[in-house]
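Notes for the one structure printed next.
Nothing in this text is a laboratory measurement; each read-out follows from the coordinates by a stated rule. Just so we're clear, the structure is a prediction, and the values are computed from it rather than from any experiment. For neighbour counting, all protein chains shown are included, and Cβ atoms are generated from backbone atoms with ideal geometry for every residue, glycine included.
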Amino acid sequence: MEASSPPKVLSSFALAMISVAAIVNLRNLPIMASAGSHAIVFYCLAASLFLIPSALVCAELASSHPEDGGIYLWVKKAFGYHLGFFTIWSEWFNNVIGFPATLSFIAATIAFVFFPHIQQHKYALFALMLTIIWGCTFFNFFGVKVSSRLNIVGAILGSLIPGIIIIALGSDWFFTGHPIQINLSLNHLMPAMHGNTLALFLGVLLGYAGMQITAFHVTNVKNPGRDFPRAIFVAVIAILALTIFSSLAIAMIVPHKQLSLVSGVMQGFYAFFRAFHVSWALPILASLIAISGISSLSAWLLAPARGLAVAIKQGNFPRWLSYENRQGIPINILLIQAVIATGLSLIFILAPNISTGFWMLLVLTAQFTLAMYILIFAAAIRLRYKYRDIKRPFKIPGGNIGIWLVAGTSLLVCCGGIILGYFPPASLNIHHIKYYEMFLISGNIVYLVIPYIIYKTTKARAA
C-alpha cells in the first residue's frame, strides 16, 4: 500500500542535521590537512564557489517547488522528464558505486576499536561490511522520522562533538606557543596552480556536495518555505566551521609526512592525540567516527532512493520497483541498492591493492556528482524564467542577475572540476597517466550509456 499523505515529522533542526550528517565526514580531515595551509584556500574557494551557492539554490528551489522528488522534480520542470531522470540517476548511481568505499571505512574503524584481531582479515571485514549495509537498509524501513533521529545522533556525536574537541585542542596548541607544522604567512597560502596540486580541490568540491539531500524529504516538512532556508543556512555555518578549523588544527600539529593522501585516517588522528599525550582517546574518537559514518550512510541510502521512486512512478517502469510501505519508504529500491553494494564490495576480497583504485573511484564519483550539479544550477536559472510568477518563500537576491551570478559561476566551477579529475595528485605516483585517463573516460561512457539505454526502452507517462 502506498502512503497517500506523508507524515510531517521533520523540523528545521532535523533537516539541518541531515545535511551535516550527509556532508561532514571526519575521515576526510587528515586528507585535507595534508594540503597544509593550502587547505584554507581550497576550503574558501569551494565554500564561496560551490557550497554556499548550492545552499542558496537548493533553498530557493526546495521552498518554491515543495513537491515530492527533489532534484528530479527541479530538473524535470526545467528541461523535461529525460534530463530529470538523468539527474536522479546521477545521484543514485553515485551513491551506489560509492557505498563500498564508505562501508570499508566504517568496517575498518569498527574493527580498530572493537575487533582489532580482524583488521587484516578480508573475509571478516567483508562480513562486517555486509552487516552494516543490510542493517542500515532494514533500519530505513521504519520511516523518515526514525531515520532522521539516527541522522541527528550521528551529526551531534559523530561530527559536531569530535570536531569541536579537535578545534579546541588545536586552539590550545596554537595559543600556548607550541610550534606548528604549517606556514600561515600570506605568501605560503596560495597553492601552486597546476593540475596535480589542484586535484585536491576536486576532493573538496566532492566533500561539500550534498545540500540537495534534504529536498528529497520536502513532503515530510510542515512549512517548507520557512524550514528549508533556515535549516540549510544553519547547516552551512556548521559545515564550514567544522571542516575548515578541524583540518587546520590537525595540519598545525601533525607533520605533513604523516598525513599523505592514501595513509590510514586513524594514523593521522593517532599522531594528533599523541601530541597531547591522550592516545587513550583514539578508540573513543574512532567509535564516534563510526557512528558518523553509519549515520551518513543511512541518509544517503534513503534520500536518493525516494527521488528515484518518484521518477520511476512517472516513467514506463514496472510498478513494483517504486513500491512503498506504510511509512512511505521505497523498500524495493533500498533492497536493490543493498544487493548492488554487496556485489561491488567483493572488490575488497579480490583486489590486492586498492589505494590508487580508491582515488580513481573517488574521481569518477566526483565527476558524476558535478555533472548532476551542472543540471541543478542550469535548472535554477531556467525555472526563474519559466515560472516567473510563482511564490518564492526564499529567493536568491539580485533578481535574474543574482541567479545568473550564483548559479552560473558555480556551473562553470563544476565544469572545471570535471576537467581537474584527469590530473591525479602527485602523491599517488601514477606512472601510466594514459591508463588512468582511459579508466575515467570508460567510466564516464558507461555512466552516460546506461540512462540512454533506459531512455530508449521506456517512455515517460508524465510530461
Next on the checklist: 7 Å from Cα along Cα→Cβ at both Thr409 and Phe114: what's the point-to-point distance in nm?
Outcome noted: 4.6
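Are there chymotrypsin sites (Phe, Trp or Tyr not before Pro) in the range 46-147 that DSSP puts in a loop and that have at most 10 other Cβ atoms within 10 Å, and which ones?
Working: sites: Phe50, Tyr72, Trp74, Phe79, Tyr81, Phe85, Phe86, Trp89, Trp92, Phe93, Phe105, Phe112, Phe114, Tyr123, Phe126, Trp134, Phe138, Phe139, Phe141, Phe142; in loops: Phe141, Phe142.
Counting only loop positions with at most 10 other Cβ atoms within 10 Å, none of the chymotrypsin sites (Phe, Trp or Tyr not before Pro) in the range 46-147 qualifies.
Please identify the GluC sites (Glu not before Pro) of the range 32-122 that satisfy two criteria: DSSP loop assignment and at most 15 other Cβ atoms within 10 Å. Which are they?
On the way: sites: Glu60, Glu67, Glu91; in loops: Glu67.
Filter output for the range 32-122: Glu67.
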Item to check | Set of aspartates and glutamates with alpha-carbon distance to Lys313 below 18 Å, sequence-local pairs under 8 removed | outcome: Glu2, Glu67, Asp68, Glu91, Glu324
